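*Asks:* If you scroll down you'll find the structure; I have some questions about it.
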Amino acid sequence: MADVLKTTLRYYGISPWEIEVLYGFLNSHFTIIQDEIEQDDENFVSSLDMEIPLAFNEEFFQWFDFKRWENVKSVFKEMKRRRGSGNALKVKINFAGNPRIVFSIDVEDKQWFDNAIEKIDFVLELIPHHLDPQKLPTEISEIIYKFDSKSIRWRLDTASSENKKYIFSGNTWKEII
């Protein structure tokens, strides 16, 4: 039997109903670990940090099924709708892989939040360009994307290796000291 894939939902301020609906879309493919935590960011009423034990690539979406992914995105958008605008909800989606790909969504405006959720899939086309070894600092283990409401697109934000952290600024990576 193949290894059981485990996904962790670490959250606060999320209703049992919202977790149950999300659980329903994930449990056919993953064993789900629920971890309700204390509020760790006073700027947000609700937070959901989701660990996906697979790489962010086309194979994931084919395996997970695009329709099921659309349903998961709908849950995120409904969570935002229920909380209104402002810093009500922060969602982080962490994909395993080398490097780990993390999407951090903390957009205040509901329309831009929904847009960010919808456009996660579009980053697939950019990954080969973004992970080009000629452009990426060495030994990167994690890359974080943040949604930029001004340009209405996902942007490279930070990258980390074991000992260093970089920020993407202009068109290059700069080490954070």
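The values are calculated or read from the model by the stated rules, or taken from the named source; none is laboratory data. Computed from a predicted structure; not experimentally measured. Cβ placement follows ideal geometry from the backbone for every residue including glycine, while neighbour counts extend to all protein chains displayed. Surface accessibility is based on the protein's heavy atoms, side chains included, excluding ligands, DNA and RNA. Shrake-Rupley method; radii C 1.70, N 1.55, O 1.52, S 1.80 Å.
*Asks:* Output the number of residues of segment 7-55 satisfying the condition of being of a type in the set (A, V, I, L, M), assigned to a strand (DSSP E or B) and farther than 16 Å from SER104 by Cα.
*Replies:* Matching residues across segment 7-55 total 2.
*Asks:* Go through (1) touching a residue at least 40 places away in the same chain (Cβ under 8 Å); (2) outside any loop (DSSP other than H, G, I, E, B); (3) buried (at least 18 other Cβ atoms within 10 Å of the Cβ) one by one and return the number of the condition LYS80 breaks.
*Replies:* (1)
*Asks:* Looking at (1) open to solvent by less than 30 Å² (accessible area, probe 1.4 Å); (2) over 23 Å from GLY13 (Cα atoms), which one does VAL91 not meet, given that it meets all the others?
*Replies:* (2)
*Asks:* Does GLU118 satisfy the criteria of being touching a residue at least 24 places away in the same chain (Cβ under 8 Å), exposed (fewer than 15 other Cβ atoms within 10 Å of the Cβ) and in contact with a strand residue (DSSP E or B) (Cβ under 7 Å, 6 or more places away or on another chain)?
*Replies:* no
*Asks:* Only one of (1) open to solvent by 30 Å² or more (accessible area, probe 1.4 Å); (2) of a type outside the set (A, V, I, L, M); (3) touching a residue at least 60 places away in the same chain (Cβ under 8 Å) fails for PHE44. Which number is that?
*Replies:* Against the list (1) open to solvent by 30 Å² or more (accessible area, probe 1.4 Å); (2) of a type outside the set (A, V, I, L, M); (3) touching a residue at least 60 places away in the same chain (Cβ under 8 Å), PHE44 comes up short only on (1).
*Asks:* To continue, here is another question. Quickly run through segment 1-28 and pick out the residues that are touching a helix residue (DSSP H, G or I) at 6+ places or on another chain (Cβ under 6 Å) and open to solvent by 30 Å² or more (accessible area, probe 1.4 Å).
*Replies:* The answer is VAL21, PHE25.
*Asks:* Regarding segment 97-108, can at least one residue be identified that is open to solvent by less than 70 Å² (accessible area, probe 1.4 Å), in contact with a strand residue (DSSP E or B) (Cβ under 8 Å, 6 or more places away or on another chain), within 25 Å of ILE14 (Cβ to Cβ) and of a type in the set (Phe, Trp, Tyr)?
*Replies:* Within segment 97-108 (the criterion being open to solvent by less than 70 Å² (accessible area, probe 1.4 Å), in contact with a strand residue (DSSP E or B) (Cβ under 8 Å, 6 or more places away or on another chain), within 25 Å of ILE14 (Cβ to Cβ) and of a type in the set (Phe, Trp, Tyr)), the answer is yes, since at least one residue qualifies.
*Asks:* Taking PRO137, is it without any contact (Cβ under 8 Å) to a residue 24 or more places away in the chain and not aromatic (Phe, Trp, Tyr)?
*Replies:* No; evaluated as a whole, the condition is false for this residue.
*Asks:* Looking at segment 125-145, is at least one residue modelled with pLDDT of 95 or more, of a type outside the set (A, V, I, L, M) and open to solvent by less than 20 Å² (accessible area, probe 1.4 Å)?
*Replies:* Yes: one or more hits.
*Asks:* Could you please find all residues in segment 99-136 being part of a helix (DSSP H, G or I) and of a type in the set (Phe, Trp, Tyr)?
*Replies:* TRP112, PHE113, PHE122
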